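*Asks:* Got a structure for you, written out below as structure tokens; questions coming shortly.
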Amino acid sequence: MEKTIGNKTVNVSEDGYLIDLNEWDKDVATAIAQEEGITLADDHWKVIEYLQNQHKNDVPLTIRSVGKSGVVDIKGFYALFPEGPLKKASRISGIPKPVSCI
Amino acid sequence: MEVLQPVANPKAKSDGKVKKVMIIVSKATLHNVYASFILANGARMEGIEAELFFTFFGLEAINKKKLNDLHVATVGNPAMHIPTLLGGLPGMEAMATSMMKKEMEKLDIPPIDEFLEILVASGVKIWACKLAMDMFHLEKEDLIDDLEGVLTVGDFYNRAHGEGSHLMFI
């Protein structure tokens, strides 16, 4: 379905995740983050870039793999994206909802 | 005849959401411990608070000397599809355990010690049962350094107060 995020109309899933990463830009990310109550800073952008790269390489995302990425540790990940870091960070990054239980 | 209608309590506003899970870990077989860890970690990933209370044999999972030697039960576990007599043979438990660990590594499920670190970093609180510690003659020093503390059953229940709290026994 279509949704207006920031100044742009994008296609999102029922859960509000972008369908096409090509429709993502920094304004869209900032607007989604705002919905989640997060103001994006440098550390957030580093994580977003990492998640997008993993997605492009078809690597399934888990909390453990993010913790080992060298970009952020698990405690830091929870601090940057409180209450559900993997889901929130994925939504802000414009990639699909993570399906992992770990 | 007077019919009593239940009176809605205006203070009891609940959105029905799970807000906190309190998991009691009473066994130290590998699959039970993993089940509790995955439930706790999964809760945190959804923004739900999680606490683990280790009691009886469950204490082995946070015992520094034992936590990396937990085993799958091959006896008394019909889902293993191993006849009870064979399941009791030397080496069977070790073999089943090593097979399961290999499968879990493929799914990015960490070993017990690393999983505990992940849980703590994710904000899961880890508690030990006082009575069970006394029973097994365990001191706080025997348990992981990340232990939040030692509780009685009553203390644990008191931590579960509040709307949206759920208790699970594993």
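The values are calculated or read from the model by the stated rules, or taken from the named source; none is laboratory data. Since we're looking at a predicted model, the values are computed, not measured. Heads up, the Cβs are rebuilt from the backbone with ideal geometry, glycines too, and the neighbour counts pull from every protein chain shown. Each accessible area value is taken on the protein alone, full model and side chains, heavy atoms only, with ligands, DNA and RNA left out. Shrake-Rupley method; radii C 1.70, N 1.55, O 1.52, S 1.80 Å.
*Asks:* Please find, within segment B:11-46, the residue that is nearest to the chain's Cα centre (by Cα) out of those that are of a type in the set (Gly, Ala, Ser) and buried (at least 16 other Cβ atoms within 10 Å of the Cβ).
*Replies:* B:SER36
*Asks:* Continuing with the same structure: Against the condition within 11 Å of chain B (Cβ to nearest Cβ) and touching a helix residue (DSSP H, G or I) at 6+ places or on another chain (Cβ under 6 Å), how does A:PRO98 come out, does it pass?
*Replies:* In short, yes.
*Asks:* Something else about it: For segment A:52-71, how many residues meet the condition of being of a type in the set (A, V, I, L, M, F, W, C), within 12 Å of another protein chain (Cβ to nearest Cβ) and either more than 12 Å from A:PRO85 (Cβ to Cβ) or in a helix (DSSP H, G or I) (or both)?
*Replies:* Of the residues in that region, 3 qualify.
*Asks:* Can you give me the ranges of the helices (runs of 4 or more DSSP H) entirely in segment B:77-129 with at least 3 residues that are open to solvent by 80 Å² or more (accessible area, probe 1.4 Å)?
*Replies:* Working: elements: B:84-87, B:92-106, B:112-121.
In segment B:77-129, B:84-87, B:92-106 are the helices (runs of 4 or more DSSP H) which contain 3 or more residues that are open to solvent by 80 Å² or more (accessible area, probe 1.4 Å).
*Asks:* Turning to a different aspect of this structure: Quick check, is A:GLU49 in a loop (DSSP other than H, G, I, E, B) and acidic (Asp, Glu)?
*Replies:* No.
*Asks:* Scan segment B:50-67 and give yes if some residue there is closer than 28 Å to A:VAL59 by Cβ and modelled with pLDDT of 95 or more, otherwise no.
*Replies:* From segment B:50-67, those closer than 28 Å to A:VAL59 by Cβ are B:50; that's our starting set.
Remaining after also requiring modelled with pLDDT of 95 or more: B:50.
Yes, segment B:50-67 contains a residue that is closer than 28 Å to A:VAL59 by Cβ and modelled with pLDDT of 95 or more.
*Asks:* Something else about it: Taking the options A:ILE92, A:ILE74, name whichever one is under 23 Å from A:THR39 (Cβ atoms), among the β-branched types (Val, Ile, Thr) and within 8 Å of another protein chain (Cβ to nearest Cβ).
*Replies:* Sole residue among the options that is under 23 Å from A:THR39 (Cβ atoms), among the β-branched types (Val, Ile, Thr) and within 8 Å of another protein chain (Cβ to nearest Cβ): A:ILE74.
*Asks:* On to the next question. Output the qualifying pairs, or none if there are none: Cβ atoms under 9 angstrom, residues six or more apart or on different chains, first residue in segment B:135-146 and closer than 21 Å to B:PHE115 by Cβ, second residue among the polar types (S, T, N, Q).
*Replies:* Sorted first by the residue in segment B:135-146, then by its partner, the pairs are B:LEU138/B:ASN63; B:ASP142/B:ASN63; B:LEU143/B:ASN63; B:ILE144/B:ASN63.
*Asks:* So which residues in segment B:66-76 are over 19 Å from B:PHE37 (Cβ atoms) and either touching a residue at least 12 places away in the same chain (Cβ under 8 Å) or within 18 Å of the chain's Cα centre (by Cα) (or both), if there are any at all?
*Replies:* Within segment B:66-76, the subset over 19 Å from B:PHE37 (Cβ atoms) is B:74-76.
Across segment B:66-76, the qualifying residues are B:THR74, B:VAL75.
*Asks:* Additional query: Is it true that some residue in segment A:32-54 is open to solvent by less than 20 Å² (accessible area, probe 1.4 Å) and in contact with a strand residue (DSSP E or B) (Cβ under 7 Å, 6 or more places away or on another chain)?
*Replies:* Checking segment A:32-54: at least one residue is open to solvent by less than 20 Å² (accessible area, probe 1.4 Å) and in contact with a strand residue (DSSP E or B) (Cβ under 7 Å, 6 or more places away or on another chain).
*Asks:* Of all residues in segment B:92-115, count the ones that are within 12 Å of chain A (Cβ to nearest Cβ) and in contact (Cβ under 8 Å) with a residue 12 or more places away in the chain. I'd like the intermediate steps shown before the answer.
*Replies:* The initial filter retains those residues of segment B:92-115 that are within 12 Å of chain A (Cβ to nearest Cβ), namely B:104-111, B:114-115.
From what is left, the residues that are in contact (Cβ under 8 Å) with a residue 12 or more places away in the chain are B:104, B:109, B:111, B:115.
Going through segment B:92-115 one residue at a time, the tally reaches 4.
*Asks:* Kindly indicate whether any position in segment A:4-13 is small (Gly, Ala, Ser), part of a loop (DSSP other than H, G, I, E, B), free of Cβ contacts under 8 Å to residues at least 40 places away in the same chain and at positive phi.
*Replies:* Yes - at least one qualifying residue is present in segment A:4-13.
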